[in-house]
Amino acid sequence: MASDETLRERLRSIDGKGYKAYKGIKGEYRFPNYALYIDHVQGDPFAFPSRIRVRADRDLSGFKSDTTSNASRALGICDFLTRQFHRSCISFSRGHRGSGKSGLIMITEPLQEVLQRTAMVINPRFVEARFFMGLPAAGRRISAMDAEAMFFEELPRIVQSSLFLEQVDTPQLYRYIETTEDADSLRNQLDQRGLIGFVADDAHLPRASGIDPRPMDSQSAVGFQSPASLRVEFSLPNRGRITGMGIAKGVTLIVGGGYHGKSTLLEALERGIYNHVPGDGREFVVAHPDTVKIRAANARSIVKTDISPFIRNLPFQKDTAAFSTDNASGSTSQAANIIEAVEVGARVLLLDEDTSATNFMIRDHRMQQLVSKDKEPITPFVDKVKQLYAEKGVSTVLVMGGSGDYFNVADHVIRMTGYLPVDVTDDAHRIAASDTVDRLPEGGDHFGDVKARIPISGSVDPAGGKGRLKISAPRLREIVFGHTSIDLLDIDQITDIAQTRAIAYGIYHATRFMDGASSLKAVIAAVMDDIEKQGLDVLTPYITGDLAAFRGIELAAAINRMRDVRMEQKAQV
Ligand code: ADP
Ligand code: MG
């Protein structure tokens, strides 16, 4: 490893030269308290910034072994250090100077969710941050003085204030670690208590705005209060006792007047697959890890999905047992979303009337009389939701303020009134028993088969122009993969563009398991297994700090939305 002075000399020797001369600084350098790795140097000042790492010895960094004594605690400290590093970049980097990205020092910025990221690694030997620097230039000529300031003044301050215990806010660090550990413990305890979700008393669910995921100001937000009949208590490793509303396995209906907080509750559960940063308000709102938000997504493409449990006898004899379209309707997209989620292991479905196709959700008695079953291809969800639980063990939480037909099939009914939940299960069941509509059940005896599909190798091709890999995430819900663009607009549970990027590379990794015989579920499981064993770094040909953990469910959803993927159906999963 070269000395830091070597880097200084190299920088000085290329001052004023063409930008390509920066390639010569690639390498490893020993700084007083850490090692600096310049892994990749950008080709010009306007290109994506250069990939850089710094690594400090664990002993020197001072973080005790109790900060990493289990996976949850390690996740907590990594998240905290990434945020600290990000703040330090803002405080200590002089920022943009010169052409293109000149002068930038940046690390991925975590938002409300606590995600495992490639940006920060901590193990018994070292703490390592992976970030990006825009090597400075005036026009296309190297500005060595600016580069020297970045490497020898700004970066050392950033590193010193974020990778060393001495300068970090220790109580705050432990708050992150303990919150993460408690949230994981809570989520892990749900199943044995027969629950699929939990909302803590005093949780703050509403967000600052429709486009700002930070919490609503605490003056305006009404704190959550569990109804006594649904109240449960848990014991957490750090916080101790906690109470809140338990959501049981089976079918749960959320009703209530418009604007009373139904969707906000459902959205909190949707995010409950992730841990949240302390202060978010939803730190102790958790859901089963395989909870999937389902919505209608017309215009999506579908490839050989068996949607016949919900839809049969489409006009022109279109086959719904192996349904393909490049332009789905609201109802067919929602049916496919459910079947595909179950196909890869979803255990809980979340549906909101706001984002569902009405004809998929309900078909009332009057309509049954006017349009007979043989002229209606759709079997509404109300006739299938119980079978889904009884036969497949898949629970549903459903927001439905507009139809009482679901009273008959709901195990629990929660009414939101003024943002607070009331258990109205008995009332709803009484109404269902006394006000007997002669609605005909349409669901048949069984839910139906959920079939496995096999992705055909070769139909998933990451090659862009000139055969070079083309894999990127231009937006939070869009992937570019080879010659295709994948629209993920309906995948609400992707929360960070670093996940989108990782999913994009996950698709590429998945191609190595597409052998023409393995099911999509098996392929996804193989990818997730590699990540579990080797970390997210396994996905990319080089180390990069801008990936975050994702679920197999979202990876499958992305593959299912590829417009040129080919699939073959296999027997039942
Ligand atoms: P619904 O789905 O019942 O129509 P929403 O969940 O969309 O209602 O909530 C309506 C509005 O009320 C939103 O602007 C939301 O931010 C706000 N809101 C929701 N829950 C709370 C709460 N606990 N405290 C304060 N405002 C809330
Ligand atoms: Mg709503």
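Taking the condition more than 21 Å from Glu270 (Cα to Cα), at pLDDT 95 or above and touching a Pro at 6+ places or on another chain (Cβ under 8 Å), does Ile507 pass? Judged against the criteria, Ile507 is a match. When the test is whether a residue is among the β-branched types (Val, Ile, Thr), within 33 Å of the chain's Cα centre (by Cα) and either over 25 Å from Arg157 (Cβ atoms) or surrounded by 14 or more Cβ atoms within 10 Å (Cβ to Cβ) (or both), Ile14 does not pass it. Restricted to strands (runs of 3 or more DSSP E) entirely inside region 192-259, those with at least 1 residues that are more than 16 Å from ligand 1 (Cβ to nearest atom) are 195-200, 231-236, 240-248, 251-256. Listed conditions (1) closer than 21 Å to Tyr19 by Cα; (2) free of Cβ contacts under 8 Å to residues at least 60 places away in the same chain; (3) within 28 Å of the chain's Cα centre (by Cα) are all met by Met133, apart from (2). Only strands (runs of 3 or more DSSP E) whose full extent lies in region 285-342 are considered here, and the ones with at least 2 residues that are in contact with a Phe, Trp or Tyr (Cβ under 9 Å, 6 or more places away or on another chain) are 285-287, 302-305. With respect to the numbered conditions (1) away from ligand 1 (no atom under 16 Å from the Cβ); (2) closer than 22 Å to Ile254 by Cα; (3) in a helix (DSSP H, G or I); (4) touching a helix residue (DSSP H, G or I) at 6+ places or on another chain (Cβ under 8 Å), which one is the sole condition not fulfilled by Ala390? Failed condition: (4).
Assessment of region 219-235 against the conditions (touching a residue at least 12 places away in the same chain (Cβ under 8 Å), under 30 Å from Ser13 (Cα atoms) and in contact with a strand residue (DSSP E or B) (Cβ under 6 Å, 6 or more places away or on another chain)) yields no matching residue.
The number of residues in region 245-274 that are in contact with a helix residue (DSSP H, G or I) (Cβ under 9 Å, 6 or more places away or on another chain), charged (D, E, K, R) and over 16 Å from Asp354 (Cβ atoms) comes to 1.
Among the residues of this structure, Gln112 does not count as one that is in contact with a Cys (Cβ under 8 Å, 6 or more places away or on another chain), in contact (Cβ under 8 Å) with a residue 40 or more places away in the chain and closer than 29 Å to Glu267 by Cβ.
Restricting to region 395-427, count the residues that are part of a loop (DSSP other than H, G, I, E, B) and over 25 Å from Met216 (Cα atoms).
The total comes to 6.
Confirm whether Asn313 is over 29 Å from Thr484 (Cβ atoms) and buried (at least 21 other Cβ atoms within 10 Å of the Cβ). Give the steps one after another, and end with the answer.
Numbers: over 29 Å from Thr484 (Cβ atoms): yes; buried (at least 21 other Cβ atoms within 10 Å of the Cβ): no.
Answer is no for this residue.
Helices (runs of 4 or more DSSP H) fully within region 3-116 that include at least 2 residues being at pLDDT 95 or above and closer than 24 Å to Glu181 by Cα: 58-61, 71-92. Working only within region 265-302, note down all residues that are small (Gly, Ala, Ser) and either under 20 Å from Asp201 (Cβ atoms) or touching a strand residue (DSSP E or B) at 6+ places or on another chain (Cβ under 6 Å) (or both). Residues satisfying the conditions are Ala268, Gly272, Gly279, Gly281, Ala287.
May I ask you to say which residue of Arg30, Arg8 is in contact with a strand residue (DSSP E or B) (Cβ under 8 Å, 6 or more places away or on another chain), among the charged types (D, E, K, R) and closer than 20 Å to Glu154 by Cα?
Details: Arg8 fails: in contact with a strand residue (DSSP E or B) (Cβ under 8 Å, 6 or more places away or on another chain).
Of Arg30, Arg8, the one residue that is in contact with a strand residue (DSSP E or B) (Cβ under 8 Å, 6 or more places away or on another chain), among the charged types (D, E, K, R) and closer than 20 Å to Glu154 by Cα is Arg30.
The values are calculated or read from the model by the stated rules, or taken from the named source; none is laboratory data. These figures come from a predicted structure and were not determined experimentally. FYI the Cβ positions are ideal-geometry reconstructions off the backbone, even for glycines, and counts take in every protein chain you see.
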